[in-house]
Every structure is written in C-alpha cells, then in structure tokens.
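Trainee: Here's a structure for you.
The values are calculated or read from the model by the stated rules, or taken from the named source; none is laboratory data. Quick caveat, the model's predicted, so the values are computed rather than measured. All Cβ positions, even for glycine, are placed from backbone atoms using ideal geometry, and neighbour counts span all protein chains on display. Only protein heavy atoms, including side chains, enter the accessible area calculation; ligands, DNA and RNA are left aside. Shrake-Rupley method; radii C 1.70, N 1.55, O 1.52, S 1.80 Å.
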Amino acid sequence: MMKLLWNIQQKKDNLWVRWIDSYYIKGHDMMHMESKDQYSWIFKVILRHRDMINDLQNWTNWHTFRTRAVYKFLMKDCVQVPWHRIFNGNSARPRALFTLWMACHCKLATRVRLFKFGMVDYTTCCFCTQDETIEHLLFECPVTKTIWKQVLAWMEYVREPLNWTQELSWLVQNCKGKSVRSDLLKMAIAETVYGVWMYRNAISFGKDIDRLTIGEKIIDVIVYRGWEKQKLRPHIARLML
C-alpha cells in the first residue's frame, strides 16, 4: 500500500496511476486531500497510509521505492517473538512451515478451538481421552509423543518430549547458530508438526493410517529436503548408517 502511495505521489508513468490521478485526485494535493465514501476501498486504504509514510525521512526524494527502508520503519516498534529463529533458514516444505507458524500462534483448528466456535460438539482427542488442545496434541498426547521421540532419536537427541510450549522453548535454545544439527532440528520440528497434524486430520476423517510409518515418513522428508543442502549431506549420511 505504501508503495502504491509513493507511485501516485511520484506520478509514475503507468496506466493505473494516471487513472487514479484523473479520476480521484483531479489536481488536488494527494497528501492532504480528504478521503470520501465514494472512493474505492483500495484507494481509501492507500490514503490511510499517508501519515506513516510522511514519517519517513526524505521519502519524496527517492528515485526508487526503498522496500528495505519502509520495512525497517514499519518494524521498528514490533516485538520479535522468541521462536523466529526456528524459521530462519528453515528448509522444510512451505506447507510444513505454514502449519508450524499456525501452531506457534496457537491457531490450528484443534477440537477445543472448533468447539469454541460451535463447529463441533466434543473436544476429545482422536488418539486418547484428553481434550485436544495444541498443548496436548503437540506433543503431550502419548501417540504423538512417540512420533516426536522417534524423530529425535534418529537425530541423536536423548530427550523425553514434554508439552508443546516446553518443546518450543527447548527448540528455540537449540536452534541457535548455523550448525548442521540446528539446521536439521529446525527442519525436523516443522516436518514433524506437519506430519502429526496431517495424521490427526486423517484419523479424524476416518482414514486408515498405520501409525508406525508416520515417523519413518517424516524422517524420509527430512533426508530428502536436507540432502539438497551441501553442508547437511555428511551429517545426514552418518545418521542413515
């Protein structure tokens, strides 16, 4: 939106800017004109960004739009979440990273969450008798805990998995730096969360899934994705022996 605002203010030579200039602006000062109800929704949103972009130093003198400068300006007051390093340089599949991102925000559609929205009339985990919360499903449930333990054991981590919040805290501490173990662990958590979530969905919809193969499939994906990175190959090859 801020780039569109900059394009309009700079009167960039493209058809959309010329249309906005002739249809809405009509010779007025873009940065001080009043927003009207009859304007399109996108133009009204652009106008709402005027105060923010005015705080950028000398932005009107830019020869090109500086995305980096605008991003830093918008992020200056944002608090960085502690689990951001799990996503930095993570080679997991995009779908796995998205599922992990949803889990970190506690937005996965577990049965407890669906019950709050009135979409289901029960909250029981599909693997046991406990309530299906993210805390429980990742990885407090006896079934999903077994899968995570299998992946951790393959990566040579001697650890008894705890609940999701505690595991996330442990992962944040162990994903520091750029070592091959931390890179592999980042990928492992994303692919395991995705694998567990897809397994849960399959069981919920009545599909016949062999639980004993879930961990093996997750490890296969980690090996396949990790092998694309040259520095991970020796470590993965050793783990496969």
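Trainee: Per residue, what accessible area does the chain have, given a 1.4 Å probe and all protein chains present, in Å²?
Mentor: Here the residues of the chain average 59 Å² of exposed surface.
Trainee: Determine the dipole magnitude for region 106-241: charges of +1 sit on the beta-carbon of Lys and Arg, -1 on that of Asp and Glu, nothing else is charged, the reference point is the Cα centre, and the result goes in debye to the nearest 20.
Mentor: Here the size comes out at about 580 debye.
Trainee: Over region 176-241, how many pairs of lysines fall under 23 Å by alpha carbon, counting only those 8 or more apart in sequence or from different chains?
Mentor: 12
Trainee: While we're on this one: Work through the residues other than N201 whose Cβ is under 13 Å from its Cβ and net out their charges, Lys, Arg +1 and Asp, Glu -1.
Mentor: +3
Trainee: Please check: in the Gaussian network model of the chain (C-alpha springs, under 10 Å), which one of G27, G118, G206 has the largest mean-square fluctuation.
Mentor: Greatest mean-square fluctuation among the candidates belongs to G27.
Trainee: Using a 1.4 Å probe on the protein chains only, how many percent of the accessible area of the chain belongs to carbon and sulfur?
Mentor: Answer for the chain: carbon and sulfur cover 54 percent of the accessible area.
Trainee: Taking Cα atoms, how many degrees apart are the long axis of helix 180-204 and the longest axis of the chain, rounded to 10 and kept between 0 and 90?
Mentor: 80 degrees
Trainee: OK, next. Of the chain, which part is the longest with no trypsin sites (Lys or Arg not before Pro) in a loop (DSSP not H, G, I, E, B) and with at most 11 other C-beta atoms within 10 angstrom?
Mentor: The longest uninterrupted stretch comes out as 108-175.
Trainee: Computed from the coordinates I sent, Cα extents along the principal axes in Å equals one of (i) 94, 38, 34; (ii) 77, 38, 30; (iii) 70, 49, 31. Tell me the label.
Mentor: (iii)
Trainee: How much length is gained if the chain between Q10 and N201 is pulled fully straight, taking 0.36 nm per residue apart and subtracting their Cα-Cα distance, in nm to one decimal?
Mentor: Gain on stretching Q10 to N201: 63.7 nm.
Trainee: Specify the inter-centroid distance of region 4-33 and region 189-229, based on alpha-carbon positions, in whole Å.
Mentor: Between the Cα centre of region 4-33 and that of region 189-229, the gap is 51 Å.
Trainee: For S22, what is the net charge nearby, where nearby means another residue's Cβ is under 15 Å from its Cβ and Lys, Arg count +1, Asp, Glu -1?
Mentor: +2
Trainee: Next up: If Lys and Arg each add +1 and Asp and Glu each add -1, what is the summed charge of the other residues whose beta carbon sits under 13 Å from the beta carbon of R225?
Mentor: Taking every Cβ under 13 Å from that of R225, the sum is +2.
Trainee: Could I ask something else about it? Which of the peptides 134-142, 150-158 is most tightly packed, and how do the rest follow, going by the mean number of other Cβ atoms within 10 Å of each residue?
Mentor: In descending order of packing, they fall as 134-142, 150-158.
Trainee: Working with all protein chains in place, sort F115, F127 by solvent-accessible area computed with a 1.4 Å probe, largest first.
Mentor: Heavy-atom accessible area, descending, gives F115, F127.
Trainee: Toward the positive end of the charge dipole of the chain, about the Cα centre and with charges on Cβ (Lys, Arg +1; Asp, Glu -1), which of N7, A96, C106 goes farthest?
Mentor: N7
Trainee: Given a 10 angstrom Cα cut-off, can you work out which residue in N174, N58, N163 is the most mobile in a GNM of the chain?
Mentor: Ranking N174, N58, N163 by mean-square fluctuation puts N58 first.
Trainee: Follow-up question, since we're still on this one. Assigning unit charges at the beta carbon (Lys, Arg +1; Asp, Glu -1) and nothing else, what dipole magnitude in debye, to the nearest 20, does the chain show about its Cα centre?
Mentor: Using only the charged Cβ atoms, the result is roughly 820 debye.
Trainee: Follow-up question, since we're still on this one. If you keep only loop residues by DSSP, which chymotrypsin sites (Phe, Trp or Tyr not before Pro) in region 167-217 have at most 10 other Cβ atoms within 10 Å of their Cβ?
Mentor: F205
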